[in-house]
Amino acid sequence: MDTLGALVHGFSIAMTPGNLLAVLLGAFIGTVIGVLPGLGPTATLALLLPITIGMDMVSALIMMAGIYYGAMYGGSTTSILVNIPGEAASVVTCIDGYQMARKGRAGPALGMSAFGSFIGGTVSVVAVMLISPFLAETALKFGAPEMFALLFFAFTCIGGLTGKSRAQGLLMACIGLLLGVVGTDDIQGVDRFIFGQLYLQDGIGLVPLAMGVFGLGEILYNIEKREEQGAILETPKSLLPTREDWRRSAMPIARGSLLGFGIGVIPGGMPAVASLMSYAVERRVAKRPDEFGKGAIEGVAGPETANNAATAGGFVPLLTLGIPTNSVLALMLAAMMLHGVTPGPLLLLKWPDVFWGVIASMYIGNIMLIILNVPMIGLFVQLLRVPYGILSPLIIMFIMLGAYALKSSVGDLVATILFGLMGYLMKRFGIEPAPLILAFVLGPMLENNLSKALIMSHTGSPLFFFSRPISATLISLAILVLLYPLVRWGWRLVMGRGTAEA
Amino acid sequence: MNLDRILGVGALLLAVPVGVASWGFGVGTSKSPGAGFWPLVIAVVMFGLGVSLILRPSPGLVKAGGSSRWGRSSLSLVTLAFYVVALEPLGYLATTALMLVVQFRWVEGRSWRSSLGIALLASLVSLVLFRVLLKVSLPTGVIPLPRGW
C-alpha cells in the first residue's frame, strides 16, 4: 500500500465515531492540563493509563497522543495571560507573550501561538508520515547488536539532553535501569532484588512508578511551593494577528517547524528543549534583537511552533524503532505493550491500523485544537480561576484510586507513595526525572538485546559490535556523545594554557 | 555540600551492594551472561558516575528550594499512609472521604463547610463512576452500599 493509500486507510479508522470522540477528548483534556500549571501531560497519561486498558487500543493511543499535543497548545495560554508556564515547553513563551499581553496585545500573542502550533504540528505530522515507513523498513534489518547499539546511543543522548548535569542524568537513568531489573529474571527465573516480597516478583509496575514520580511528586511539591497567582489578564475579544504580525512570524514558524521536528526525533529531545532552542535561534537571527523580552512576536511564534513540531517528531522513533524519546512517549509505549502491541519496525506490518490511525488522528487533532483554542479561549481561561487548593486533593484522590484500581493491590498504593516521595525530592532538588522513567521502560529491552548479541558473538567480546556497520556507527556515535564533555574540557584546558602563555 | 557530590556518595553507597548482590545472582560469562550480568554492569557504571560526580560536580547545583510549607506536604504524606492502612478495612468511601477532609481542611486550609462538602461529594461521585459504572473492584468496608453498587 502506498503512503497516500495508507493515509486514506488511517483516516477511515480515525474518523469512526469512537475514535473521533477519542481525538476530541484527548485534545480537550490536553488543553485543560496545559492551561493548568502544575499538572503536565506525563502525570495525566500516568493517571489515565489504568483506564486506557479497558479501551480499544487505537482509541486509547489516539486519546493519549491528543493529550500530549493538546497540552502544548494549552500551555501557552497561561504563559501569555498569567506569566506562569502551564507547561515546561511554554516557559520561554512567558518572556515575550506576557509582555505582549501587558501592552494590550494578548489576542495576537494567543492567536499566533495557536496558529504556529497548528502549522508546526501539521508540518511535523507530514514529516512523520513520510519518514517513518522508510525508517521502519531499514530497522527491519536490525538484529540484536544493532538494537542494543541504538538503545545505547539513545541512553547517552537522554543523559545529556534532559538534565542540568550529564552525569546526574545518566545516574538517574542507571536508577531507572536498576528499578527495571527488580523481579524474576525472564530467562533464568532468578529473583532479583525482591527482598523476600512476593509483590516484587512481577517487577515494579510502570503505573505506580509514573503516577508516583510524575503525579504525586508534582502535587506534593506544588502544595509546598505554591505561589500567589498573579492577576489574570483580561481575555481578548479577537485573537487574529495583524498582517504585520504574520509577516514577522512567517520565518520563525518555518524555522520552528524544522527545528522542532529535528529535536523531537532525537532521544531526550523534549518539546521544552525545542522551544528553548527556537527562542535562542530567533533572538540570534532577529533584525531587532533588542525587542526580545519586551514583547517580540517572533519570541512567541517560533517556540510555540517548535514545541508542537517536537511533539509529533517524537512519534518517529516511537513508532518505527520502539524507542520513546521522552517520558510521555514512554507511557505511550507502555500503553501499547499493555495491549500486546510491540512498537518497532514490525508495527507498520503487523498493526498498520495503529500506525496509520494514530497518524491520521493527529491531522484531525490539530484541526480540532485550533477550533477549540481560538474561539473557546475564554472558557479555558476560566479554569485558571479554579483554586489549586481544590484541584490538588482531587488529583491525589484520582492518583490513589488509579494506583489501586489496576490490580486491586495495596502494594501498588505503597509503591506509588514511595515513588511520589522520590519524585517530590527530585523536584525539590531540581533533578530531572525523565531519564529515570525512560531507562525503566527501555532497560529490559537493553538487557535482552545485550544478552542476545553477546551470545551471537560466540566470543563474548564487545568488539563484536564494531564488526557490523550499523552497530559500529551507533556505538561510535554513543562514545562520541559520552566523550564530548571530556574533549571540550581538554580543549578548554589547552586553549586556556595557550592564552595564559601568550 | 554540593548536590552532585551528595548524589555521587549515594551512587557509590548503592552501587556496592548492588554489585555484590549481582554476583550472587550468577554473572555467567560474556559469551553466556547470567542473571547477575546486567545488574553488575549497571552497578559498575553507577560506581563510575558516582566517582565522576564527586570529583567533578557541576557548579550551581547546591541547594534545595527551602520552603515554609513543607509541613503541609508532610501532612499530605501522612494522610496517604493512613489511606494505605485503612482502605481495605474501612472501605473506599469512608477512607477517601476522611483523607480528602484532612487534605482540604488542613493541607489546603479551606473552611470546614467546603472541606466536608467537597470531600463527601468527590468520594461519592468517584465511587459511582468507578465502582458502579466502570465496574472497578473497590473495597466496601464499614459503610453499607445500596444493592447493585
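Some notes on this structure:
- Where A:Pro352 falls short, out of the listed (1) without any contact (Cβ under 8 Å) to a residue 40 or more places away in the chain; (2) closer than 30 Å to A:Pro133 by Cα; (3) surrounded by fewer than 19 Cβ atoms within 10 Å (Cβ to Cβ); (4) more than 21 Å from the chain's Cα centre (by Cα): (1)
- Any hit, segment B:105-115, residues being without any contact (Cβ under 8 Å) to a residue 40 or more places away in the chain and farther than 19 Å from B:Thr79 by Cα: yes
- Checking A:Gly365, A:Gly378 one by one, the residue that is in a helix (DSSP H, G or I), among the small types (Gly, Ala, Ser), modelled with pLDDT under 85 and within 30 Å of A:Leu239 (Cβ to Cβ) is A:Gly378 and no other.
- Screening A:Glu282, A:Glu244 for residues that are crowded, with 24+ Cβ neighbours inside 10 Å, at pLDDT 90 or above and not aliphatic (A, V, I, L, M) leaves exactly one candidate, A:Glu282.
- Selection count, segment A:433-470, where residues are under 24 Å from A:Ala43 (Cβ atoms) and surrounded by fewer than 18 Cβ atoms within 10 Å (Cβ to Cβ): 1
- Residue list for segment B:86-96, filter: more than 15 Å from A:Phe398 (Cβ to Cβ) and either in a helix (DSSP H, G or I) or within 9 Å of chain A (Cβ to nearest Cβ) (or both): B:Ala86, B:Glu88, B:Pro89, B:Leu90, B:Leu93, B:Ala94
- Cβ-Cβ distances below 7 Å connect the following pairs, each with a first residue in segment B:72-85 that is at the interface with chain A (Cβ under 7 Å from one of its Cβ atoms), a second residue that is polar (S, T, N, Q) and part of a helix (DSSP H, G or I), and a separation of six or more residues or different chains: B:Ser76/B:Gln103; B:Tyr83/B:Thr95.
- Close pairs from segment A:56-85: first surrounded by fewer than 24 Cβ atoms within 10 Å (Cβ to Cβ), partner modelled with pLDDT of 90 or more and among the small types (Gly, Ala, Ser), Cβ under 7 Å, at least 6 apart: A:Asp56/A:Gly18; A:Ser59/A:Gly18; A:Ser59/A:Ala22
- Looking only at residues of segment A:187-200 that are touching a residue at least 12 places away in the same chain (Cβ under 8 Å) and farther than 15 Å from A:Val410 by Cα, we find that the one that is farthest from the other protein chains (Cβ to nearest Cβ) is A:Ile194.
- In the set A:Gly262, A:Gly293, only one residue is surrounded by fewer than 24 Cβ atoms within 10 Å (Cβ to Cβ) and in a loop (DSSP other than H, G, I, E, B); that residue is A:Gly293.
- Under the condition of being in a helix (DSSP H, G or I) and facing chain A (nearest Cβ under 8 Å), the residues counted in segment B:23-40 number 4.
- The set of residues in segment B:88-103 being in contact with a Pro (Cβ under 6 Å, 6 or more places away or on another chain) and either more than 16 Å from A:Met400 (Cα to Cα) or touching a residue at least 40 places away in the same chain (Cβ under 8 Å) (or both) consists of B:Glu88, B:Gly91, B:Tyr92.
- Near pairs, Cβ below 6 angstrom, 6+ apart or cross-chain, from segment A:141-159 (β-branched (Val, Ile, Thr)) to any residue that is surrounded by fewer than 24 Cβ atoms within 10 Å (Cβ to Cβ) and in a helix (DSSP H, G or I): A:Thr156/A:Ala478; A:Thr156/A:Val481; A:Thr156/A:Leu482
- Unique residue being at positive phi and in contact with a helix residue (DSSP H, G or I) (Cβ under 8 Å, 6 or more places away or on another chain) when the list is A:Gly116, A:Gly196, A:Gly183, A:Gly205: A:Gly183
- Of everything in segment A:389-407 that is in contact with a helix residue (DSSP H, G or I) (Cβ under 7 Å, 6 or more places away or on another chain) and not hydrophobic (A, V, I, L, M, F, W, C), the residue that is nearest to the other protein chains (Cβ to nearest Cβ) is A:Pro393.
- Among the residues of segment A:426-447, the ones that are at the interface with chain B (Cβ under 10 Å from one of its Cβ atoms) and either in contact (Cβ under 8 Å) with a residue 12 or more places away in the chain or under 12 Å from A:Leu209 (Cβ atoms) (or both) come to 9 in all.
- Some residue of segment A:324-335 being surrounded by fewer than 24 Cβ atoms within 10 Å (Cβ to Cβ), among the aliphatic types (A, V, I, L, M) and free of Cβ contacts under 8 Å to residues at least 60 places away in the same chain: no
The values are calculated or read from the model by the stated rules, or taken from the named source; none is laboratory data. Everything numeric here is computed off the predicted structure, so don't read it as measured data. Reconstructed Cβ throughout: ideal geometry from the backbone, glycine too, with neighbour counts over all protein chains shown.
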